[in-house]
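Chemist: Sharing a structure with you now.
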Amino acid sequence: MKTYLVTGAAGFIGANYLKYILAKHNDIKVVVLDTLTYAGNLGTIASDIDSERCFFIKGDICDYSLADRLFGEYKFDYVVNFAAESHVDRSIENPQLFLTTNILGTQNLLDAARRAWVTGKDEYGYPTWRKGVRYHQVSTDEVYGSLGTEGFFTEETPLCPHSPYSASKTSADLVVMAYHDTYKMPISITRCSNNYGPYHFPEKLIPLIIKNILEGKKLPVYGDGSNVRDWLYVEDHCKAIDLVVRLGKEGEVYNVGGHNEKTNLEIVKLTISTIHRLMSENPNYRSLLKKKEKDANGEISINWIDESLILFVKDRLGHDQRYAIDPTKITDALGWYPETKFEVGIVKTIEWYLANQTWVEEVTSGDYQKYYEKMYGSR
Ligand code: NAD
Ligand code: DAU
């Protein structure tokens, strides 16, 4: 029986990972630590918390005494750190919060793990570690910076972050590696490309576009929409982390990507046409539209759901042009590959949002409106 500390599991990827490992492994216990920022929603994981196999603690990864208490009480074998401030646009507005959570929070968890897991010293003075423990850091391809039209990020690509968010994630990775090099701490790191799928907070591109279409709003595309991201279905990312935590080599970095490069404009156009198609095939979905104009058949009209909704807006400062991952290492070492084709994943994702509008309303009922107006105005 392994006991996990999973931080940030009330957020997008952490929640998907929690559901995935609870379903996959019968013999595990999981403690979730999450401070429930605007991006964390307890409702997302409420059905997973049972006080037998899965426990929830509301708290900050930067809290020193809480971390010590949890390590003392639960004797963790694995720490998987998802908790972070994750949105690039917000990091441009408030860099300090990103540095505090993403760097100092990581270092606080590493230190708590060190206090709990070190068993003694070897003949050279290096700490010795409890057998079978692992600290895993969930990182991002953004640490490598931006690519031109050619090439891919490998694990050897020099780190070259540009935004306050990616600089904070890079710093955290360096601290994690420093604990490995200095204390021989058993760590691993995964660096993943853009995820999409259920429970994605609607400040990020794909869920924001879906939400805006349902509300009949314009679809903001930064700059000329030519920036490229490598989209990965979130469950495939969760599978990769599960493999690396259990079977990945200590001290190693693994890149995780979807082999699925798309420009932002392609993503937005595909989302528009998919919603249009789903609503043609299943007119019941049309009741979710805020605009209730009728078409010639007396059905709620979807004639306006087309590319004229796209609005090119001011570009993001320091906007990275292209990300693309070479995942050869994790494929060769652990047999992982991105199983979900984008054409399938995007339909599953849109159908999930159409079926889960209550969740969208729940997570956007707080400060979301204020944030949206500040970023995009009232369009
Ligand atoms: P998210 O913003 O949806 O969720 C973050 C979670 O962390 C939330 O539940 C939030 O409440 C929690 N949190 C924030 N600050 C905390 C603190 N101080 N203490 C405890 N909990 C705190 O993020 P996400 O998109 O699920 O990303 C998860 C991780 O994966 C992040 O580390 C991110 O950098 C990384 N990542 C994300 C993507 C992506 O496409 N979303 C891709 C690669 C890597
Ligand atoms: O690459 C991995 C990263 O992917 C993660 O580390 C981050 O945590 C995650 O948020 C994501 O970062 P991006 O900045 O790439 O994701 P976002 O959804 O914010 O933007 C995707 C692209 O779409 C990006 O080029 C900016 C653009 N965009 C975004 C929004 C919100 C728009 O054109 N319009 C928008 O309204």
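Quick note: the coordinates plus some simple rules give every number you see, no bench work behind them. Since the structure is predicted, the reported quantities are computational estimates derived from the model, not experimental observations. When we count neighbours, we look across all protein chains shown, and the Cβ atoms used for this are built from the backbone with ideal geometry, even at glycine.
Chemist: Take the residues in segment 204-237 that are assigned to a loop (DSSP other than H, G, I, E, B), touching a Ser or Thr at 6+ places or on another chain (Cβ under 9 Å) and within 8 Å of ligand 2 (Cβ to nearest atom), then tell me which one is farthest from E361 (Cα to Cα).
Modeler: The qualifying residue farthest from E361 (Cα to Cα) is N227.
Chemist: Test each condition in (1) under 26 Å from I275 (Cβ atoms); (2) more than 10 Å from ligand 2 (Cβ to nearest atom) for S188 and report the one that comes out false.
Modeler: With (1) under 26 Å from I275 (Cβ atoms); (2) more than 10 Å from ligand 2 (Cβ to nearest atom) applied to S188, the lone miss is (1).
Chemist: Right, next: What pairs come out if I take residues in segment 162-173 that are under 11 Å from D141 (Cα atoms) and pair them with residues that are more than 12 Å from ligand 1 (Cβ to nearest atom) and of a type in the set (A, V, I, L, M) whose C-beta lies under 8 Å away, six or more apart or interchain?
Modeler: Sorted first by the residue in segment 162-173, then by its partner, the pairs are T170/L159.
Chemist: Output the number of residues of segment 169-185 satisfying the condition of being touching a Gly at 6+ places or on another chain (Cβ under 9 Å), hydrophobic (A, V, I, L, M, F, W, C) and away from ligand 2 (no atom under 16 Å from the Cβ).
Modeler: 2
Chemist: Considering only segment 54-91, state which residues are more than 7 Å from ligand 1 (Cβ to nearest atom), charged (D, E, K, R) and either in contact with a helix residue (DSSP H, G or I) (Cβ under 7 Å, 6 or more places away or on another chain) or under 18 Å from Y4 (Cβ atoms) (or both).
Modeler: K58, D68, R69, E73, K75, D77, D89
Chemist: Consider A112 against the criteria (1) more than 29 Å from K374 (Cβ to Cβ); (2) touching a residue at least 60 places away in the same chain (Cβ under 8 Å): it satisfies all of them except one. Which criterion is unmet?
Modeler: Answer for A112: the failing condition is (2).
Chemist: Those residues that are closer than 25 Å to L97 by Cα and either crowded, with 16+ Cβ neighbours inside 10 Å or among the β-branched types (V, I, T) (or both), I need them from segment 19-37; list them, please.
Modeler: As a first pass, look at segment 19-37 and keep what is closer than 25 Å to L97 by Cα: 31-37.
Across segment 19-37, the qualifying residues are V31, V32, L33, D34, T35, T37.
Chemist: In segment 143-173, which residue that is over 25 Å from D242 (Cβ atoms) and of a type in the set (A, V, I, L, M) is nearest to ligand 1 (Cβ to nearest atom)?
Modeler: For segment 143-173, the residue satisfying everything is A167.
Chemist: Still on this structure, please answer the following. Mind checking which strands (runs of 3 or more DSSP E) fall wholly inside segment 241-336 and carry at least 3 residues that are surrounded by fewer than 20 Cβ atoms within 10 Å (Cβ to Cβ) and not hydroxyl-bearing (S, T, Y)? Walk me through how you get there before you give the answer.
Modeler: Working: elements: 252-256, 261-263, 310-313.
By residue number, 310-313.
Chemist: Pairs please, first residue from segment 189-204 and in contact (Cβ under 8 Å) with a residue 24 or more places away in the chain and closer than 15 Å to T37 by Cβ, second anywhere and within 7 Å of ligand 1 (Cβ to nearest atom) and among the aliphatic types (A, V, I, L, M), Cβ atoms under 7 Å, 6+ apart in sequence or on different chains.
Modeler: Sorted first by the residue in segment 189-204, then by its partner, the pairs are F201/A39.
Chemist: Output the residue which, of all residues in segment 1-44 that are in a helix (DSSP H, G or I) and of a type in the set (S, T, N, Q), is farthest from the chain's Cα centre (by Cα).
Modeler: Among residues in segment 1-44 that are in a helix (DSSP H, G or I) and of a type in the set (S, T, N, Q), the one farthest from the chain's Cα centre (by Cα) is T44.
Chemist: State which residue pairs qualify: first residue touching a residue at least 60 places away in the same chain (Cβ under 8 Å) and at positive phi and inside segment 318-334, second residue part of a helix (DSSP H, G or I) and within 16 Å of ligand 1 (Cβ to nearest atom) in any location, beta carbons under 8 Å apart, and separation of 6 or more residues or different chains.
Modeler: What qualifies is G318/I92.
Chemist: From the list F98, F82, F76, exactly one residue is over 25 Å from M375 (Cα atoms), within 14 Å of ligand 2 (Cβ to nearest atom) and surrounded by 22 or more Cβ atoms within 10 Å (Cβ to Cβ). Which is it? If you could, list the steps in order and put the result at the bottom.
Modeler: Details: F98 fails: over 25 Å from M375 (Cα atoms); F76 fails: within 14 Å of ligand 2 (Cβ to nearest atom).
Every option except F82 fails the conditions.
Chemist: Among S51, S47, which is more than 8 Å from ligand 1 (Cβ to nearest atom) and part of a loop (DSSP other than H, G, I, E, B)? So that I can check it myself, show each step before the final result.
Modeler: Numbers: S47 fails: part of a loop (DSSP other than H, G, I, E, B).
Being more than 8 Å from ligand 1 (Cβ to nearest atom) and part of a loop (DSSP other than H, G, I, E, B) holds for just one of S51, S47, which is S51.
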